[in-house]
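Written below as structure tokens is the structure these notes are about.
Since every read-out is calculated from the coordinates, none of them should be taken as a lab result. Everything numeric here is computed off the predicted structure, so don't read it as measured data. Neighbour counts are summed over all protein chains in view; Cβ atoms, including those assigned to glycine, are modelled from backbone coordinates with ideal geometry.
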Amino acid sequence: MGTSSDKKNIVIFASGSGSNAQRLLEHFEHHPHIQVVALFSNNPDAFALQRAQNFGVPTGVFDRAALRSGEVLEQVQAYNPDLIVLAGFLWLLPSAFVQAFPNKIINIHPSLLPKFGGKGMHGQHVHQAVINAQEAESGITIHYVNEHYDEGAPIYQERCPVQPDDTCETLAARVLTLEHRHLPRVVEELLTSGKNSPETPTA
């Protein structure tokens, strides 16, 4: 494992379909300085695994025991990641894993944190909560990962309106468009700017 090139290495974690992973795989497939070197999933049926394999990117599947024991940490370290991107990954990472990659793990969340974050707040649960609260806007937050759900320092936020007739599905589609548009760009900026450290989010 590992890589012999001088490119920056991305490792993706995903639990489901992996549409954000797909955008990253596409964006960096022929990038001169950045590459996706592996995709890991806690779900053996995640379509994200197939997406990675379609690009010739190695994949790994793990369970909670492997994550807690440090086995996954060792596997990821072998790829020498410059950035780990949680793209629809639903489990909380152990403290030892987070501490092994300081300011090198980021997550994308489908709301304007700190609103509508925390355990269980993912996917349709987030969008329904936004609608129920009669929010005027929603959006995305890309943030660093710490030992708590959705509490790491923010990197970037982008907003979109919540329409009066929105359903979970229509709001989710609008937010997903923002995710697909901005995640590859923010990842690229983090890896080319040399500033892998928390800073004030831009909107």
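At a glance:
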{"quantity": "FRET efficiency, 1/(1 + (r/R0)^6) with R0 25 Å, evaluated for T170 and N103 via beta carbons", "calculated": "0.10"}
{"quantity": "Mean Cβ neighbour count within 10 Å, used as a protection proxy, ranking 34-41, 85-92, 121-128 highest first", "calculated": "34-41, 85-92, 121-128"}
{"quantity": "Nitroxide proxy distance, nm - points 7 Å out along Cα→Cβ at N80 and V61", "calculated": "3.0 nm"}
{"quantity": "About the Cα centre, charge dipole magnitude for segment 68-203 (Lys/Arg +1, Asp/Glu -1 at Cβ), debye", "calculated": "100 debye"}
{"quantity": "Relative contact order [Cα under 8 Å, 6+ residues apart], the chain, whole percent", "calculated": "19 percent"}
{"quantity": "Relative contact order of segment 5-52, pairs being alpha-carbon contacts under 8 Å that are 6 or more residues apart, as %", "calculated": "50 percent"}
{"quantity": "Extended-chain gain in nm, criterion 0.36 nm per residue less alpha-carbon gap, S95 and Q124", "calculated": "7.7 nm"}
{"quantity": "Space enclosed by the convex hull of the alpha-carbon atoms of the chain, per residue, Å³", "calculated": "109 Å³"}
{"quantity": "Euclidean distance of C-alpha centroids, segment 53-71 and segment 85-151, integer Å", "calculated": "21 Å"}
{"quantity": "Order of Y149, Y144 - criterion: other Cβ atoms within 10 Å of each residue's Cβ, fewest first", "calculated": "Y149, Y144"}
{"quantity": "16 Å reach of a label modelled at D6, 7 Å along Cα-to-Cβ, counting backbone N of segment 81-114", "calculated": "none"}
{"quantity": "FRET efficiency estimate (nearest 0.05) - Cβ-Cβ, H31 to N54, R0 25 angstrom", "calculated": "0.90"}
{"quantity": "Charge tally in the Cβ shell below 13 Å around Y79, where Lys, Arg are +1 and Asp, Glu are -1, Y79 excluded", "calculated": "+1"}
